[in-house]
Structures are given as structure tokens and as C-alpha cells.
Amino acid sequence: MSATPKQYDVSNTPWTKEWQELPLRSDVRVGAYMKSSRTGVTEGALNILRWMPENWPGNALYSITSDKKAREIVDRRMLTTMSAGVLSADPKDTGLSRISLDSMDMVFSGSGSADPFQEIWYRLIILDEIENHVKNQETTTYKRARSRQTDVPDGLVLAIAKPELAGGIIDEIFISGTQKKFLIPCPRCERLIELRTDHLVVEGCYEGGEWDLARVVTETYYQCQLCHGRIEEKEKRSMVNSDLARQVPTPPSERRRSPSGKYVPPEPGVESYHISDLYSLHERVSWGELKQMHLLAHVINPTQEAKKYFRINHEGWPWEDEVYSVTAESVKALKAGRVEDVKVSNADGTETIIKTTLAPLCLLTDHNGDPRNPVFYMPIRTGSLRPIAVQACLDHHDC
């Protein structure tokens, strides 16, 4: 969860346990966490910094979007929480851009400067809010960090961010890694499940064409996707802290693919993680609160911006525009028509899956009169036409 003036309690964010233990693993060179808003991942990374002077000394760099934010991290979250024994080690400099100790230096910097990457070697580099780091034509902070640790045998880079668009830097690193998800036991069937928004359920709160949102907040529950048992919000703390809960790599058949649709195998030494607000124990993102926000974004007052905000900030997944990678082979398949499952939203917020036969793809027009850039339309169940944007130009004669 976000920084609070309380003593750190790992039971509030147990999905960060393995994250905080990455320095102990010699086989890991990169850790990446694609996260939602209130999951405590950054605080877990800062805990590694606090632990380093007495247990794993070596220079460390913390890079965030701006120098101002970096100084705030030092002032509010580091100097006030590091142990007295460490701070009394006659530090040479307690300026807000650097904490210098006898055993190591900690450098805190905005992402726009290349200087910190050129000063000294680093055992640990933390790239926080990496999705919004300053970019230039030469390189990124992630590439700088990897390059800087080439000659550090036990160097570790940690990348943290809420995602933005699919294919962004944190999505790219996540895809290249193990793609671990935090699975927790259902209290009904004891099998491990991943918490997902589409299994938040509320009943009897839609009457006369209106939602009773106050009841939505208090009466929403989670329905296990395996046994369909009812799970109450009050059971969540024991579930996430269960001895059975664990980080599990995504199996090959379910791995998130690159924006081009290609399968990317896990790169050795890269541990990547995902977490959403459905796991969070913060009262502002209870299951009821999340269900209310989801209804507002998708059912009651649906807008593209609201849907995007919910997916990024609360589900921790990147936003994906409806753009399809089209090849000659896929166009031929579309021309023949196909049967697929289609989700239909009901007025009460539930969804029904129906089998729908899609008519063949048809070319109605071209782009600005240029046959090299055709615009295709897919007739859908209602008889209307849905345009399909294409990422690659196709030879008109292949269609």
C-alpha cells in the first residue's frame, strides 16, 4: 500500500515478500513489477535499501521521474525510517540527493539525468515509475541500468510501474520475464486462484433501472472461479497471508504476448510480477469499492477514459486499443466468416456469453483512395459494421 506513518507490516502486502528477497538470489538480474495503485511494491523496494547497509552493502541508485520526487523519497521515506545504527555511522553527506555511509552510497535522482549512471558502480538500481521516465533518442533508463551493471556479478535492477499503453516499457519487461501472479487459496475449495474483476458479484442492487451504489459497496462478494463458492471481503486478509499463497509463473499457453501477438519466452534471470488492487487490504479499494468503480466505468456512465483509468490504476494491466495485426492469412480466414464467443453486457452489469456467427470480412472503401491501405469492416450480430484498424499495409490483390 501507499506510504503511511505506521510501522511496516509485511502482512499488509505479502505479495512483496518474494520481491524483497530477490537480492538473495544469485540467478536473478532483473525484477519487474507491473502493479496497480495501492499495493506497496515501492515500499518493498525501499525496504531493500534500508536493509542493504548492514546485510548487503554496495552502492545503490534510486531513479524516479523527477529530482523533486527523488528528494521527497529521501526526506519522507528514507531518513525517517532507516535504523539509528546505520544513520549514526558518521555519514559524510545527508544531502537530499545522496545518503553516504561508510559501507555504501545511496544516490537518489530524477530520470532525466544520465550523470548518476556514470558516477559509480551500483549493486542495486531501482527504477520507480519507469513508465513515465524521461526518454531520449539515445537510450532509456532501463537500458542504462542494465549496461551499468554489466561488470557487477551480483547486480540487480528493479523496475516498478503502473502500466500505460500495451507495449510500454514495464509491459515489455513483464512480458520478457516469468510473468508471475500471486495465487491465493479459496477458503471454500482451498484451490489456488487469481483474483479477477469479472468474479466480483453483487445481487439485488439493481431495481427500477437504477443501481443502489451504497449497497454495491457493502454487499459485493467474490465468487471463486473454480468452485463458485462465495468469498467475503473479511476473508481476504487470511487468504493473502495463507501459507498456501504463492507467486506462480504463468504457464506457456497463457503467457501475455507482445503487442504483435508473438510468443516471448521468459528471459533467464528476469523475474516479473503482476498485482492488482483486488488483493489490496486498503479500505479505499475494497471489493465493494472496486465493483462500484467498475460499474461506473463500464455500465452506468461508460467512457473510454474511465475504462482506461480503471484498467491501469486498479487492475494493473496496460490499456489496449482495438487494433489488430492483420496478415494475408488472417484476412482470408476473416473473409470466410467465423464463429466466436461474444460477451453481451446486461443492464444489471452482468455479462452473457453467446455463440455468434460473424459474416465474412468485407472491403467497403480504401484509405484516402489509396488501394494499398484498405479499410476493412466486420459485419457484426446486429447487422451494423465495425471498422477494423490495421497495423500493416496489405496488397489489395491479396484480399
Report yes if TYR263 is of a type in the set (Phe, Trp, Tyr) and either without any contact (Cβ under 8 Å) to a residue 40 or more places away in the chain or surrounded by fewer than 18 Cβ atoms within 10 Å (Cβ to Cβ) (or both), otherwise no.
yes
Quick check on the range 304-318. Is at least one of its residues within 16 Å of THR220 (Cα to Cα) and either without any contact (Cβ under 8 Å) to a residue 40 or more places away in the chain or part of a helix (DSSP H, G or I) (or both)?
no
Of (1) surrounded by fewer than 22 Cβ atoms within 10 Å (Cβ to Cβ); (2) within 30 Å of PRO318 (Cβ to Cβ); (3) outside the structural domain of GLN20 (by TED's automatic domain parsing), PRO187 satisfies every one except (2)
Does any residue of the range 207-221 turn out to be crowded, with 17+ Cβ neighbours inside 10 Å, within 22 Å of the chain's Cα centre (by Cα) and at pLDDT 95 or above?
no
I'd like the full set of residues that are over 17 Å from SER37 (Cβ atoms) and either free of Cβ contacts under 8 Å to residues at least 24 places away in the same chain or touching a helix residue (DSSP H, G or I) at 6+ places or on another chain (Cβ under 6 Å) (or both), limited to the range 128-141.
HIS133, LYS135, ASN136, GLN137, GLU138, THR139
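The values are calculated or read from the model by the stated rules, or taken from the named source; none is laboratory data. A quick note: this is a predicted structure, and the numbers were derived from the prediction, not measured. As a convention, Cβ positions derive from the backbone with ideal geometry for all residues, glycine included, and neighbour counts pool all protein chains shown.
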